[in-house]
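Engineer: Please see the structure below; I have some questions.
The values are calculated or read from the model by the stated rules, or taken from the named source; none is laboratory data. From a predicted model like this one, the values you see are computed outputs, not experimental measurements. Cβ placement follows ideal geometry from the backbone for every residue including glycine, while neighbour counts extend to all protein chains displayed.
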Amino acid sequence: MSEYDARQALASATVSPGLHQALANRASVPVVGPDQLWRIRIDDTAMLVLTLSATDTGQMLVTAVTISTAPPADSDVVTLPVPTGVLRHARAWPGVQRSVPLRAFDVALDTGGHLSGTAATVQRAVQVAPDPLDPGLLLQAELTDDLDRIAASPGLPFQQDTAALKDRLPGTSASQLAAVQAALGIGQAQAMALLRGTRSLSAEQAAAVEAAFGLDAGSLAMAEGYPSDVVAELEQPRHKAVIVALASHRRCSELDIRKEAAQRERALAARSTAGTDLAARIAYVLGQMQ
Amino acid sequence: MVQEVASSGDLGGDATYALLDASFRAAARQVPAGLLDPVDSRPRPVADVFHSFLLDKLDVLPDELRLCVSDTQAAALVERSAKYWLIDRARATDRGSHRHALEKVLRGSDEFEQRPALPLWALTGTVEDWAGNPATLHQAARGVTGVRPGRAGNDTQRPALAPRADLRRILHAVLAAAAGFVHIDALTTVVRDRVRAWTAGTYNIEAMSEPEQYAALHAQDRHEDEQAERDVEVAEAVLAALDAHERVALLHLHDSAALQAALGVAKSQASVVRARVRTRLECVDVTDADPERVLELIRAALDPEGDRTDPLSVRLRSLQDDPNGSGGA
């Protein structure tokens, strides 16, 4: 086969009509639920997934789906065909599952009833005890690492509660005061304001206090955090297309766009009187940013 | 490329062809050239193999590329798809030869018998068909010690799987463990897997950092030259059991972050490579070797800045060029 013939063959190779339609028809974004085929992405990392079930933390358990990549012929790694009409060929990898935040869900490719029960089939798929030398394990690990990267993408910091810092730290009032002063190198008045909650910690201060008290990273609310309902709204897939377009246009990350949108929404909420709800304000500020 | 496919809906554009071509060549560089298409033992141009890949994937590539969000992602996806396609192709062509070699061994010995007109083999006197876990067969094969690497007769010939006597011993052990008739394809898989991790005996790499446990193995009055030679042999055996990726991993088995950095991969891939290295090393005999000296030799041989004139490096150079010495993906 010559290069000319190869190019002719490529010119005749077209995207499946179902996929063409799914990508063209993105006006209404469905609610993420089980038995759906999605493209998920964060910035330039993207992959296909089949949704399995919602998790307690508001994320979605998914399994990786590939189109042209298959385990080597002599591998025992199990894959299952996904019964979708949108793609000509799709196989799910039951061995590659992760919980993914909603902010990663980009394009709903197939949410039809014909996928019903596919998630259960994937979860029932028996994984043979892996032989460490199985030639498919490395490929499966590559997909797992891709999914990990998307699952670990940072979200907006959010204000976890309204409790004052003194209620979140161990020890007596006196020991808390001394430790906060020492950790942050600030005076007693500033430390008291932080402990009572009349002032908020910056990100650097929160990290220093967490380290001083042996708390988990990110466990303390901080000034840069946003109300959880704002964060949740900005993570909805219905805003994803606009956020991705803005990030691409400005050559920045999706997180940067969400931060700016959250800041604008807060400013708008502070100025506005009654009449607009949160979803409308978010849609408005994203529209303004375009 | 992403915009080209999105606007035209097909793969006919120049940017698309260029990306497919470059990604395929990047994948091909990761597969030993001699294995690309050894059906007739004549090398084929990479372009020919690339066109075969395109034809094979013509129905799935448009959807794959249309869903990519950037050219970088598309290139990575095509490279991954091509790499495993090439590996499959190389295995498929090798497999035929290896299966044939095993059938010759099986036919040539009275201790094996074939079910009439079927590709099923067992130890003589067996009645049942085997229907167990393949892991049992792999385990039995790995228990066979003293397997030597196969050698090619000349530069254009594919190396033999292993010496005939060694193949017979592996087949005997596997079929004894199976206690039933096993399909020749399953036998081929098991034997190929075993032979990639050739050498003799059993050893656990974990113990390499605990020399006191193995001190008793050292003969106190061993002559220094003999000891040094044995250490080189063991170091060679350790490295021969591993492919290039696994050799790099060998020096970082106990440090996950360093392992990921050395391999340039994330944790799941590093974990798979580490498990693979440990499994392969279980087949290496280190009897009478000085574990610390062996590790030192291995470090020196793998050091890119090294002078490469130490005995192990010299002996390894021939191995590096031998596709049979590679564990494969």
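Engineer: Considering only residues that are at the interface with chain B (Cβ under 8 Å from one of its Cβ atoms) and over 23 Å from the mean Cα position of the chain (by Cα), which ones fall in segment A:20-36? Reasoning before the result, please.
Structural biologist: Looking only at segment A:20-36, we keep the residues that are at the interface with chain B (Cβ under 8 Å from one of its Cβ atoms), and these are A:20, A:23.
Once the filter is applied, which keeps residues that are at the interface with chain B (Cβ under 8 Å from one of its Cβ atoms) and over 23 Å from the mean Cα position of the chain (by Cα), segment A:20-36 yields only A:His20.
Engineer: Return the residues of segment A:42-87 that are of a type outside the set (A, V, I, L, M, F, W, C) and at pLDDT 90 or above; say none if nothing qualifies. Lay out the reasoning, then the answer.
Structural biologist: Taking segment A:42-87 as the starting set, the residues that turn out to be of a type outside the set (A, V, I, L, M, F, W, C) are A:43-45, A:51, A:53, A:55-59, A:63, A:66, A:68-69, A:71-72, A:74-76, A:79, A:81, A:83-85.
A:Thr51, A:Ser53, A:Thr63, A:Thr66, A:Thr79, A:Pro81, A:Pro83, A:Thr84, listed by residue number.
Engineer: Do we find that B:Ala301 is modelled with pLDDT of 70 or more, in a helix (DSSP H, G or I) and in contact with a Ser or Thr (Cβ under 7 Å, 6 or more places away or on another chain) in this structure?
Structural biologist: Working: modelled with pLDDT of 70 or more: yes; in a helix (DSSP H, G or I): yes; in contact with a Ser or Thr (Cβ under 7 Å, 6 or more places away or on another chain): yes.
So B:Ala301 passes the test.
Engineer: To continue, here is another question. How many of the residues in segment B:239-280 are away from chain A (no Cβ under 11 Å) and in a helix (DSSP H, G or I)?
Structural biologist: So the count comes out to 13.
Engineer: Continuing with this model, one more query. Go through B:Val39, B:Val49, B:Val78 for me and flag whichever is under 30 Å from B:Asp193 (Cβ atoms), among the β-branched types (Val, Ile, Thr) and at pLDDT 90 or above.
Structural biologist: Details: B:Val39 fails: at pLDDT 90 or above; B:Val49 fails: at pLDDT 90 or above.
Among B:Val39, B:Val49, B:Val78, only B:Val78 is under 30 Å from B:Asp193 (Cβ atoms), among the β-branched types (Val, Ile, Thr) and at pLDDT 90 or above.
Engineer: When A:Tyr4 is evaluated against the numbered criteria (1) in contact (Cβ under 8 Å) with a residue 60 or more places away in the chain; (2) surrounded by fewer than 15 Cβ atoms within 10 Å (Cβ to Cβ); (3) farther than 24 Å from A:Ile150 by Cα, which criterion, by number, is the only one it fails?
Structural biologist: Status for A:Tyr4: all satisfied but (1).
Engineer: If you don't mind, there's one more thing I want to ask. What residue, of B:Asp14, B:Asp21, B:Asp10, is modelled with pLDDT of 75 or more and surrounded by fewer than 15 Cβ atoms within 10 Å (Cβ to Cβ)?
Structural biologist: Of the residues listed, the single one that is modelled with pLDDT of 75 or more and surrounded by fewer than 15 Cβ atoms within 10 Å (Cβ to Cβ) is B:Asp14.
Engineer: Could you tell me which residue of segment B:281-298 is surrounded by the most Cβ atoms within 10 Å (Cβ to Cβ), considering only residues that are outside any helix (DSSP H, G or I) and within 16 Å of the chain's Cα centre (by Cα)? Don't jump to the end; show me each part of the working.
Structural biologist: We begin by selecting, within segment B:281-298, every residue outside any helix (DSSP H, G or I); these are B:282-290.
Subsequent filtering for residues that are within 16 Å of the chain's Cα centre (by Cα) retains B:282-284.
Details: B:Glu282: 18, B:Cys283: 23, B:Val284: 26.
Checking each candidate, the answer is B:Val284.
Engineer: Then there is this: Tell me, which residue of segment A:95-117 that is touching a strand residue (DSSP E or B) at 6+ places or on another chain (Cβ under 6 Å) and of a type outside the set (Gly, Ala, Ser) is nearest to A:Leu52 (Cα to Cα)? Outline the logic, then answer.
Structural biologist: Initially, segment A:95-117 is screened for residues touching a strand residue (DSSP E or B) at 6+ places or on another chain (Cβ under 6 Å), giving A:96-97, A:99-100, A:104-110.
Within this subset, residues satisfying the condition of being of a type outside the set (Gly, Ala, Ser) are A:96-97, A:100, A:105-107, A:109-110.
Values: A:Val96: 12, A:Gln97: 9, A:Val100: 11, A:Phe105: 14, A:Asp106: 16, A:Val107: 16, A:Leu109: 15, A:Asp110: 14 Å.
Across segment A:95-117, the extreme among qualifying residues is A:Gln97.
Yes/no per residue for (1) within 21 Å of the chain's Cα centre (by Cα); (2) modelled with pLDDT under 85; (3) under 22 Å from B:Glu103 (Cβ atoms):
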| residue | (1), (2), (3) |
| --- | --- |
| B:Ala140 | yes, no, yes |
| B:Val147 | yes, yes, yes |
| B:Asn154 | no, yes, no |
| B:Pro159 | yes, yes, yes |
| B:Ile170 | yes, no, yes |
| B:Ala178 | no, no, yes |
| B:Thr202 | yes, yes, no |
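Engineer: Taking segment B:49-91 only, how many residues are within 8 Å of another protein chain (Cβ to nearest Cβ), farther than 20 Å from A:Ala11 by Cβ and of a type in the set (Asp, Glu)?
Structural biologist: Qualifying residue count, segment B:49-91: 1.
Here is a yes/no grid of residues against (1) surrounded by 19 or more Cβ atoms within 10 Å (Cβ to Cβ); (2) more than 9 Å from every other protein chain (Cβ to nearest Cβ); (3) in contact with a Ser or Thr (Cβ under 8 Å, 6 or more places away or on another chain); (4) assigned to a loop (DSSP other than H, G, I, E, B):
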position: A:Gly58; (1), (2), (3), (4): no, yes, no, yes
position: A:Thr63; (1), (2), (3), (4): yes, yes, no, no
position: A:Ala73; (1), (2), (3), (4): no, no, no, yes
position: A:Val86; (1), (2), (3), (4): yes, no, yes, yes
position: A:Pro94; (1), (2), (3), (4): yes, yes, yes, no
position: A:Ala119; (1), (2), (3), (4): yes, yes, yes, no
position: A:Val122; (1), (2), (3), (4): yes, yes, yes, no
position: A:Pro130; (1), (2), (3), (4): no, no, no, yes
position: A:Leu138; (1), (2), (3), (4): yes, no, no, no
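Engineer: Answer yes if at least one residue in segment A:55-68 is in contact (Cβ under 8 Å) with a residue 40 or more places away in the chain, over 30 Å from B:Arg192 (Cβ atoms) and of a type in the set (Asp, Glu), and no otherwise.
Structural biologist: No, segment A:55-68 has no match at all.
Engineer: Residue check: is A:Thr111 touching a residue at least 60 places away in the same chain (Cβ under 8 Å) and more than 10 Å from every other protein chain (Cβ to nearest Cβ)? So that I can check it myself, show each step before the final result.
Structural biologist: Values: touching a residue at least 60 places away in the same chain (Cβ under 8 Å): yes; more than 10 Å from every other protein chain (Cβ to nearest Cβ): yes.
Judged against the criteria, A:Thr111 is a match.
Engineer: Of the residues B:Val248, B:Val284, B:Val232, B:Val294, which single one is at pLDDT below 75 and farther than 23 Å from A:Arg149 by Cα? Break it down into steps so the answer makes sense when it comes.
Structural biologist: On the way: B:Val248 fails: at pLDDT below 75; B:Val232 fails: at pLDDT below 75; B:Val294 fails: at pLDDT below 75.
Criteria check complete, one pass: B:Val284.
Engineer: Which of the residues spanning segment B:51-68 are aliphatic (A, V, I, L, M) and surrounded by 20 or more Cβ atoms within 10 Å (Cβ to Cβ)? Step through it out loud before you land on a result.
Structural biologist: Of segment B:51-68, the ones aliphatic (A, V, I, L, M) are B:54-55, B:58, B:60-61, B:65, B:67.
Once the filter is applied, which keeps residues that are aliphatic (A, V, I, L, M) and surrounded by 20 or more Cβ atoms within 10 Å (Cβ to Cβ), segment B:51-68 yields B:Leu54, B:Val60, B:Leu61, B:Leu65, B:Leu67.
Engineer: Now, a different point. Which ones in segment A:37-53 are within 12 Å of chain B (Cβ to nearest Cβ) and among the β-branched types (Val, Ile, Thr)? It would help to see each step written out before you state the result.
Structural biologist: Pass one, segment A:37-53, residues within 12 Å of chain B (Cβ to nearest Cβ): A:37-49.
Hits for segment A:37-53 are A:Ile40, A:Ile42, A:Thr45, A:Val49.
Engineer: Say we look at segment B:26-36 and pick out the residues that are closer than 14 Å to B:Ser52 by Cβ and at pLDDT 75 or above; which of these is nearest to the other protein chains (Cβ to nearest Cβ)?
Structural biologist: The selected residue is B:Ala27.
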